[in-house]
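Some notes on the structure that comes next.
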Amino acid sequence: MRMLALALALAGCGEQKRPAAQAGDRLEAAARAAGLVADPKGSLVGSWARETDRVCVVPGEGGAARVGALVDYGEGQGCAASGTLTRSGETVAIRFGECRFDARFDGERLTFPPELPGTCEAFCTGRASLAALAVERQGASASEAATLRAADGTLLCAG
């Protein structure tokens with residue numbers, strides 16, 4: 001009797017197959033198509049901002065995009081950097097010369113890590129830092145993004 005109960009219990013433990021497209025998957029796909037939910041696989045090209053922090057991303061060459069970052073806290077407190085980025089899923093590899101780090105993109109927000117290499121300090125003055133910079137999409141226009149300038153007038157996303 002115990003063997004029969006054990007056999008029946010084990011028979012119910014087989015691998016369960018997931019339906020090809022559950023209702024939640026279809027709903028999320030429809031929301032992305034309608035523009036209601038950001039696509040974490042979507043393009044990074046465009047203008048990004050939050051308060052006085054700005055980032056521009058424009059198409060580049062060889063699979064890398066051009067990126068610029070501007071932090072402006074006023075009177076000698078800021079950062080301005082430009083370079084390239086490449087992307088693999090949610091990971092965004094940013095290169096500002098010798099300042100190299102991986103940022104994160106979740107579909108709505110681009111976030112720099114809270115700790116950056118010491119080489120990144122060269123792009124900042126005063127107490128400003130590029131660390132933990134977090135920006136949200138403002139627009140998807142490459143031509144608009146290409147207009148981001150540092151305080152000295154340098155275009156940060158110029159090729």
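The values are calculated or read from the model by the stated rules, or taken from the named source; none is laboratory data. Please read these numbers as outputs of a predicted model, since none were measured by experiment. Using ideal geometry, Cβ is built from the backbone for each residue, glycine included, and neighbour counts are taken over all protein chains shown. The accessibility values were calculated without ligands, DNA or RNA, using every heavy atom of the protein model including side chains. Shrake-Rupley method; radii C 1.70, N 1.55, O 1.52, S 1.80 Å.
Results, tabulated for the structure shown:
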{"read-out": "Calculated FRET efficiency for the pair GLU61/ARG26, C-beta based, R₀ 35 Å, to 0.05", "value": "0.40"}
{"read-out": "Within the accessible area of the stretch 54-128 (1.4 Å probe), percent carbon and sulfur", "value": "44"}
{"read-out": "Column: log10 I(q)/I(0), Debye, Cα scatterers of the stretch 107-158, q = 0.27 Å⁻¹", "value": "-1.14"}
{"read-out": "THR111 versus GLN77: modelled label distance in nm, points set 7 Å from Cα along the beta carbon direction", "value": "2.4"}
{"read-out": "Solvent-accessible heavy-atom area per residue, rounded to whole Å², over the stretch 78-159 at 1.4 Å", "value": "53"}
